[in-house]
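The values are calculated or read from the model by the stated rules, or taken from the named source; none is laboratory data. These numbers come from a predicted model, not from an experiment. Heads up, the Cβs are rebuilt from the backbone with ideal geometry, glycines too, and the neighbour counts pull from every protein chain shown. To get the accessible areas, we keep the full protein, side chains included, count just its heavy atoms, and leave off ligands, DNA and RNA. Shrake-Rupley method; radii C 1.70, N 1.55, O 1.52, S 1.80 Å.
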Number of protein chains: 2
Amino acid sequence: MNVTATIATVDALDPIVATDHHAKLGRKRDFTRDPEILEAALDVLAETGYDGMTIDMVAKRAKAGKATIYRRWPSKAELIIDAVACMRKNNLPAAELPDTGTLRGDLVALIKPHSIEEGDRKFQIMAGVLAMISQAPELAEAANVAIIQPRAHANVLLMQRAIDRGEISADCDIQTLALVTPAMIAHRILILRKPINREFLLSLVDGVLLPAVGLARP
Amino acid sequence: MNVTATIATVDALDPIVATDHHAKLGRKRDFTRDPEILEAALDVLAETGYDGMTIDMVAKRAKAGKATIYRRWPSKAELIIDAVACMRKNNLPAAELPDTGTLRGDLVALIKPHSIEEGDRKFQIMAGVLAMISQAPELAEAANVAIIQPRAHANVLLMQRAIDRGEISADCDIQTLALVTPAMIAHRILILRKPINREFLLSLVDGVLLPAVGLARP
DNA sequence: TATATACGATACGCTGGAGTTCCGGATATC
DNA sequence: GATATCCGGAACTCCAGCGTATCGTATATA
């Protein structure tokens with residue numbers, strides 16, 4: 001493993017991530033390569049896991065030289081931390097949530113083929129990241145913010161709207177309930193190694209979430 | 001990583017785990033060392049994760065020589081697979097479940113300080129194991145059987161009893177609900193990196209499980 | 001066209017850990 | 001007590017992968 005370098009805080013990585021840590025920067029610099037390299041790193045991470053992943057794989061996938069990568073990130077560990085931290089920027093704005101008029105309609109509307117396979121890749125990345133979380137705890141925070149939080153937050157918003165319109169009781173524990181879906185998905189992918197499909201997600205909605213808020217159970 | 005050796009199936013490891021794979025076994029052999037080595041392997045795995053774990057650490061912890069370990073297991077990977085597969089034998093018999101007369105009483109009775117810290121170690125082991133799951137899928141099965149299944153099975157039994165005595169409806173999705181607790185615990189330990197405490201487990205019982213089966217929510 | 005810089009590609013040194021081998025000592029059988 | 005075998009300990013080999021250094025090339029400035 002070897003995580004010796006000082007690791008920047010997650011928030012500090014926000015605006016522009018890769019900075020030439022070798023300091024004496026010349027004049028020009030191809031900033032368009034950064035996202036491509038980070039995306040390649042996430043691909044390799046999702047496919048092979050952290051310890052199976054090598055910098056050469058990332059370089060080859062990004063059609064970049066290994067030196068180019070090390071010119072921007074001081075170590076393999078920081079490259080991955082950066083890559084995970086940057087994922088959250090690709091999340092769709094929370095304003096564009098479905099609004100069907102019923103909680104069940106909203107929750108089911110979240111189940112789209114696109115979001116299923118996208119979510120699958122995200123949790124594969126999560127699996128790769130878990131290996132080094134014990135040595136870089138802030139990576140857990142980054143992964144949580146990038147992968148779990150968006151889903152949980154969407155659930156909170158949908159349930160809060162259901163409360164506001166009087167569809168469900170106001171004393172539901174929506175903070176805990178919002179985590180059920182991500183946690184069950186993570187468990188199914190990481191441990192059970194079963195794929196996520198529409199049937200599974202529907203069983204969560206109709207077998208857990210809706211009953212728990214007092215809907216669809218007489 | 002390097003998982004090249006052929007990996008035995010989980011079930012084949014059941015009765016006596018470590019067999020001298022170097023075949024030509026002499027006459028005597030200290031079989032009492034096997035469990036100690038496996039236990040040491042689990043300890044190191046829980047503390048440092050898979051890639052941080054070295055065979056020397058395991059040998060030192062078990063006060064054994066590295067050669068002794070390699071005399072019994074052909075590789076680091078198989079040692080870990082064996083160690084995880086053997087965990088399930090330490091599970092208490094399912095017959096000794098609490099029986100308080102109510103579902104809530106039974107579920108709360110499962111929350112004991114002992115089972116909390118024991119569970120904590122188990123999920124730390126799970127975290128260490130996740131790193132190599134992608135390369136040894138049967139390890140996922142072993143970990144699932146040893147760590148998740150016992151908890152899920154206990155929940156199924158308690159809920160089935162509640163159905164039988166007419167406390168809750170028979171059309172509850174108890175198979176899915178039984179997985180909520182282990183999944184949420186795994187998520188909290190592996191990703192959130194927060195400790196498990198009584199308050200958290202109570203919020204699962206009172207905020208998710210009981211409402212979902214139609215109890216304690218008017 | 002001349003200069004400067006970053007790029008991709010490649011070769012290299014170095015390190016840590018897997019797995020092997022060897023040895024002295026302990027233990028049990030006869 | 002002699003023999004045989006396993007044990008703990010340690011030194012050893014081997015290799016994959018990190019990180020560095022070098023080189024030819026592409027591109028942009030002047």
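In this structure, is B:G65 open to solvent by less than 10 Å² (accessible area, probe 1.4 Å) and either under 20 Å from B:Y50 (Cα atoms) or over 13 Å from the mean Cα position of the chain (by Cα) (or both)? If you could, list the steps in order and put the result at the bottom.
Values: open to solvent by less than 10 Å² (accessible area, probe 1.4 Å): no; either under 20 Å from B:Y50 (Cα atoms) or over 13 Å from the mean Cα position of the chain (by Cα) (or both): yes.
Taking the combined requirement at face value, the residue does not satisfy it.
Could you run through segment A:125-138 and say how many residues are crowded, with 20+ Cβ neighbours inside 10 Å and touching a residue at least 60 places away in the same chain (Cβ under 8 Å)?
Residues of segment A:125-138 that are crowded, with 20+ Cβ neighbours inside 10 Å, as a first pass: A:125-134.
Of the ones still in play, those that are also touching a residue at least 60 places away in the same chain (Cβ under 8 Å) are A:125-132.
The number of residues fulfilling the criteria is 8.
Within segment B:188-207, how many residues turn out to be farther than 17 Å from A:H187 by Cα and within 7 Å of chain A (Cβ to nearest Cβ)?
Total meeting the criteria: 2.
So which of B:I174, B:I185, B:I111 is under 19 Å from B:E47 (Cα atoms) and either away from chain A (no Cβ under 12 Å) or buried (at least 18 other Cβ atoms within 10 Å of the Cβ) (or both)? So that I can check it myself, show each step before the final result.
Values: B:I174 fails: under 19 Å from B:E47 (Cα atoms); B:I111 fails: under 19 Å from B:E47 (Cα atoms).
That would be B:I185, the only listed residue that is under 19 Å from B:E47 (Cα atoms) and either away from chain A (no Cβ under 12 Å) or buried (at least 18 other Cβ atoms within 10 Å of the Cβ) (or both).
Would you point out which residue out of A:A143, A:A212, A:A162 is buried (at least 21 other Cβ atoms within 10 Å of the Cβ) and under 19 Å from A:Q124 (Cβ atoms)?
Numbers: A:A212 fails: under 19 Å from A:Q124 (Cβ atoms); A:A162 fails: under 19 Å from A:Q124 (Cβ atoms).
Criteria check complete, one pass: A:A143.
Kindly indicate which of B:L38, B:L42, B:L107, B:L79 is within 14 Å of DNA strand C (Cβ to nearest atom) and either assigned to a helix (DSSP H, G or I) or at pLDDT 95 or above (or both).
So the residue among B:L38, B:L42, B:L107, B:L79 that is within 14 Å of DNA strand C (Cβ to nearest atom) and either assigned to a helix (DSSP H, G or I) or at pLDDT 95 or above (or both) is B:L79.
Tell me, which helices (runs of 4 or more DSSP H) lie completely within segment B:110-218 with 2 or more residues that are more than 17 Å from the chain's Cα centre (by Cα)?
B:149-164, B:174-186, B:198-204
Any residue that is within 10 Å of chain B (Cβ to nearest Cβ) and either surrounded by fewer than 19 Cβ atoms within 10 Å (Cβ to Cβ) or not basic (K, R) (or both) - is there at least one of those in segment A:114-124?
Yes.
Please work out which one of (1) away from DNA strand D (no atom under 15 Å from the Cβ); (2) under 18 Å from the mean Cα position of the chain (by Cα); (3) free of Cβ contacts under 8 Å to residues at least 60 places away in the same chain is the condition A:D106 fails and give its number.
(2)
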